[in-house]
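A.B. asks: Just passing along the structure, written as structure tokens.
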Amino acid sequence: MSQRPVRILTGITTSGTPHLGNYVGAIRPAIAASRAPNTDSFFFLADLHSLIKAQDPGRTQRSTLEIAATWLAAGLDPAKVWFYRQSDIPEITELTWFLTCVAGKGILNRAHAYKAAVDKNRADGEDDDAGVTAGLFMYPVLMAADILIFNADKVPVGRDQVQHIEMARDFGQRFNHVYGDYFTLPEAVVDDNVATLPGLDGRKMSKSYGNTIPLFVPPAELKKLVFSIVTDSRAPGEAKDTEGSALFQLYQAFASNEETTAFAQAFADGIGWGDAKQRLFDLVDREIAPLRERYLDLVSRPSDIEDTLRDGARRLREEYATPLLAQLREAVGLRDLSKVQLGAMEVESSVDKPTLATFKQYREADGKFYFKLVEGERVLLQSRAFDAPRDAGQAIAALKRGELAVADAPATLGDGVIEADVRAAIEALAAADAEKAAAKAQA
Ligand code: TRP
């Protein structure tokens, strides 16, 4: 089996100004993960997505610049990872349409963001779709195109985005089913270990609570914000609780284990809040100061950032997006008319039909009976031993009729195979059988 590096892809919506919570919860871990061996990382600015909410052109441009500069300042190396802007790859929007034409509208109706808007309208006695744009409704399809166009294997996201990845799998699978095996079905990766940082008031740091510490404010401002973190009223000399202390949690997010232990000791020893805040400020600034310096330098040279982004998109289009879209156009039938054979009105296709999988039944040296589902060389499903060939045959028939779920089958998945692959292969097989049966009935 080919061992290409694992493709990890993440989109960054270009809105707002990054804060410490974004840095600790998303930016820092994503950049660290991109340095893992045998991975290929794709980071992009989801500027087309941002248009759904932000409709102030100046702010969209400003935010795109700030967010690109933030990721670069935080250590993203555009020579080692793919770093690009969604809107620089027109193939993504073209693919969005192809996927739109296979996506079930009913599935989109159930998307959390859309449903929440409808629920709110209902509660307010408004028309279901009042104020809802088709952009909001189609958000998951654009996101699926982002992911599928580069055949991403893994998509690190927050919990709230898992449904979107499942939709991407669904749309990809439908396309594969209709036109052939073009897309890898992506998996969401949710890391529950990354800290959600508390904000100034102790609630989760979030723009909507107005309790954030922006990542790159000047040091004096940073210090002021750190000193405004809410604490209890214990006096210096009184022992303090680390449990439930926003100050402590923020400290921990930037400290080594030894530093955290020492800080906990200082709490037990009754450090004054002023001293504790000073120590937190020093610690955060130690990590952020060099990034801030790079950030300020980067935003002062916006045309360099523009060049970096364009270069990433140009190389990606050349290597992946443009050739893939050529194949997909061919696959869906947007073809060169000069290749139509007039005599037979047969369209010449350069697209290989996907090979159908087959069930093979056999007997091993142990005297037992087995079956496996193979697709060319690849083993998709391997059964356990059966005492009688009939039992193996019945399991196969039940799988084909959809009466036996893949997960419940007395069989294990092949190496690197996921359940969805097996399901798709069996569905294709069943469809081909049905087609054959229909042709026979006609004849
Ligand atoms: N919807 C994602 C978010 O709000 C951003 C995004 C757009 C994305 N396209 C993506 C994330 C593709 C992962 C993959 O965070």
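The values are calculated or read from the model by the stated rules, or taken from the named source; none is laboratory data. Note that the coordinates shown come from a computational prediction; the quantities given were computed from them, not determined experimentally. FYI the Cβ positions are ideal-geometry reconstructions off the backbone, even for glycines, and counts take in every protein chain you see.
A.B. asks: Could you grab me the full set of residues in the stretch 28-71 that are of a type in the set (Gly, Ala, Ser) and within 23 Å of residue 144 (Cβ to Cβ)?
C.D. replies: Going through the stretch 28-71, the residues of a type in the set (Gly, Ala, Ser) turn out to be 30, 32-34, 36, 41, 46, 50, 54, 58, 63, 68-69.
If the condition is that a residue be of a type in the set (Gly, Ala, Ser) and within 23 Å of residue 144 (Cβ to Cβ), then 30, 33, 34, 41, 46, 50, 54 are the ones that fit.
A.B. asks: Can you report the number of residues in the stretch 181-198 which are farther than 30 Å from residue 229 by Cα, in a loop (DSSP other than H, G, I, E, B) and within 13 Å of the ligand (Cβ to nearest atom)?
C.D. replies: Number satisfying all stated conditions: 1.
A.B. asks: When you check residue 95 against the structure, is it over 23 Å from residue 307 (Cα atoms) and surrounded by 21 or more Cβ atoms within 10 Å (Cβ to Cβ), yes or no?
C.D. replies: Against the criterion (over 23 Å from residue 307 (Cα atoms) and surrounded by 21 or more Cβ atoms within 10 Å (Cβ to Cβ)), residue 95 qualifies.
A.B. asks: Restricted to the stretch 98-107, and to residues that are part of a helix (DSSP H, G or I) and in contact (Cβ under 8 Å) with a residue 24 or more places away in the chain, which residue is surrounded by the most Cβ atoms within 10 Å (Cβ to Cβ)?
C.D. replies: 99
A.B. asks: Within the stretch 284-339, how many residues are among the basic types (Lys, Arg) and at pLDDT below 95?
C.D. replies: Step one: list which residues in the stretch 284-339 are among the basic types (Lys, Arg), which gives 286, 292, 294, 301, 310, 314-315, 317, 329, 335, 339.
Cutting the leftovers down to at pLDDT below 95 gives us 335, 339.
Residues meeting the conditions: 2.
A.B. asks: Moving to a separate point now. Since residue 311 meets every condition but one in (1) surrounded by 19 or more Cβ atoms within 10 Å (Cβ to Cβ); (2) over 23 Å from residue 98 (Cβ atoms), which condition does it not meet?
C.D. replies: With respect to (1) surrounded by 19 or more Cβ atoms within 10 Å (Cβ to Cβ); (2) over 23 Å from residue 98 (Cβ atoms), residue 311 is out only on (1).
A.B. asks: Which is β-branched (Val, Ile, Thr) and either in a loop (DSSP other than H, G, I, E, B) or more than 14 Å from the ligand (Cβ to nearest atom) (or both), of 155, 178, 162?
C.D. replies: On inspection, the qualifying residue turns out to be 178.
A.B. asks: Here is a further query. Identify all residues within the stretch 111-125 that are in a loop (DSSP other than H, G, I, E, B) and either among the hydrophobic types (A, V, I, L, M, F, W, C) or surrounded by 13 or more Cβ atoms within 10 Å (Cβ to Cβ) (or both); write none if there are none.
C.D. replies: Scanning the stretch 111-125 gives a single hit, 111.
A.B. asks: What do you reckon, is residue 168 within 16 Å of the ligand (Cβ to nearest atom) and in a strand (DSSP E or B)?
C.D. replies: Criteria not met by residue 168.
A.B. asks: Quick one: which residue in 134, 235, 188 is outside the structural domain of residue 23 (by TED's automatic domain parsing), aliphatic (A, V, I, L, M) and surrounded by fewer than 21 Cβ atoms within 10 Å (Cβ to Cβ)?
C.D. replies: 235
A.B. asks: Mind telling me which of the residues 320, 295 ends up being closer than 29 Å to residue 223 by Cβ and either in contact with an Asp or Glu (Cβ under 6 Å, 6 or more places away or on another chain) or of a type in the set (Phe, Trp, Tyr) (or both)? Write out each step before concluding.
C.D. replies: Numbers: 320 fails: closer than 29 Å to residue 223 by Cβ.
The match here is 295.
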